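The values are calculated or read from the model by the stated rules, or taken from the named source; none is laboratory data. Note that this is a predicted model, so its numbers are computed, not measured. Cβ placement follows ideal geometry from the backbone for every residue including glycine, while neighbour counts extend to all protein chains displayed. Ligands, DNA and RNA are stripped out before the accessible areas are found, and what is left, the full protein with its side chains, is counted by its heavy atoms. Shrake-Rupley method; radii C 1.70, N 1.55, O 1.52, S 1.80 Å.
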Amino acid sequence: MIPGRALHYVLKIGDRAKNIHFFKNILGMKVLRHEEFTEGCDAQCNGPYDNRWSKTMIGYGPESDFFVVELTYNYGVKSYDLGNDFGGMTIKDKDILSRAQNLNYSVSKDGEREFLTSPDGYKFYIESEAPTGADKVSKVTLHCANLKRSLDYWHGLLNMKILSEGDKLAVLSYGDNQASLELREISDPLNRAKAYGRIAFAVPAAVQPLIDEKIKANKGTILTPLISLDTPGKATVQVIILGDPDGHEICFVNEEGFSELSKVDSTSDQELEKYIKKDPFQ
């Protein structure tokens, strides 16, 4: 059994100012920490780019208890081709729609579901019902080409518990009071394009080599073997990056190092604004 804890989903963004306005003023999230890097990540956290980049963690509370969003910004890249792999994120907060209306931000509908589209095209579904716990983020939706094959991987191999299952849709989780993963089968060919993201989970360090062995034994895809990643002035973490049958990237980071790395930095909001003012298209 893999004792995982859902941490965050990585989104590539092209305009930091517009995105911070959306996530802070419309969705009501807070900047938790911000980090600048002078070269590409060894685990391709910023995608296949070997350049200066930044990482902004934003959410409703610290990553020790909340599922958050990692906004990855590559200097010089203004936009990314959007695929159909990311189905969206669901947030339970009745105040978001009124904030959007007051700030003239467009609200769309998908059947009975209302959603907002971020500046880069990512969908955020808004539900008015109260969250069951402190976290307002209830689930992340990823599209898949074959639900049975995906369940064999996420449930059978990665040991996520199935909370509900239908013909074309299933919801899974590693535990109570954390964001769940929704897998939704689509008929169109799956296209990850250039904006593809990554979902991250924390596990004890002792579990990471076991994941490595299990994936290798089942001839699964390891995108980045177990590796140490440094963040200037902060804790070092160990990660292993996997690819599911549809190419969705999965990061398993050691809980011990990540708990130290992910502490909220009260100066991050001000630090981020300083760098946004220097962006060439501001």
Give the share of C-alpha pairs in each 5 angstrom bin for the range 206-270, from 0 to the last occupied bin, in whole percents, shortest bins first. 4, 16, 24, 20, 14, 11, 6, 4, 1, 0
Residues with amide H under 5 Å of residue 198's amide H, sequence separation 5 or more or different chain, H placed in the peptide plane at 1.01 Å from N; which? 10
Using Cα pairs closer than 8 Å and at least 6 residues apart in sequence, work out the relative contact order for the chain, in percent. 22 percent
Rounded to the nearest whole Å², what accessible area per residue is found for the range 32-86 with the 1.4 Å probe? 38 Å²
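Size of the dipole of the range 1-131 about the Cα centre, Lys and Arg at +1 and Asp and Glu at -1 on the beta carbon, nothing else charged, in debye to 20? Provide the component values of the computation, followed by the final result.
Details: 16 positive and 19 negative charges, 73 e Å.
Roughly 360 debye, rounded to the nearest 20.
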Go through 55/161; 139/219; 30/78; 24/277; 24/92 and tell me which ones have a Cα-Cα distance over 25 Å in this structure. 55/161; 139/219
Projected onto the charge dipole of the chain (+1 at Lys/Arg Cβ, -1 at Asp/Glu Cβ, origin at the Cα centre), which of 9, 83, 228 gives the Cα projection farthest towards the positive end? 83
If you consider only alpha-carbon coordinates, what radius of gyration and Dmax does the range 102-180 have, in Å? 15.0, 46
Share of carbon and sulfur in the accessible heavy-atom surface of the chain [1.4 Å probe, %]: 48 percent
Would you mind pulling out the separation of the Cα centroids of the range 263-282 and the range 94-164, in Å? 27 Å
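Computed over the Cα atoms of the range 1-136, what is the convex hull's projected area averaged over all directions, in nm²?
For the range 1-136, averaging the hull's shadow over all directions gives 9.7 nm².
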For the range 112-228, the per residue accessible area (1.4 Å probe, Å²) is 49 Å²
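Output the peptides 208-217, 13-22 sorted from most to least packed, where packing is the average of other Cβ atoms within 10 Å over each peptide's residues. Mind dumping the intermediate values first?
Values: 208-217: 14.6, 13-22: 19.5.
Put in order of decreasing packing, that is 13-22, 208-217.
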May I ask you to give the solvent-accessible area per residue for the range 233-274, in square angstrom, as obtained with a 1.4 angstrom probe? 40 Å²
Hey, of (i) 15.8; (ii) 14.1; (iii) 16.5, which did the structure itself give for mean projected area of the Cα convex hull in nm² when calculated? (ii)
Which of the aspartates and glutamates could a cross-linker bridge to residue 123, judged by Cα under 12 Å and excluding same-chain residues fewer than eight apart? 85, 110, 114
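How many Å³ per residue does the convex hull of the Cα positions in the range 192-237 occupy? Walk me through the numbers before you get to the answer.
Numbers: hull volume 5.2 nm³, N = 46.
Residue-normalised Cα hull volume stands at 113 Å³.
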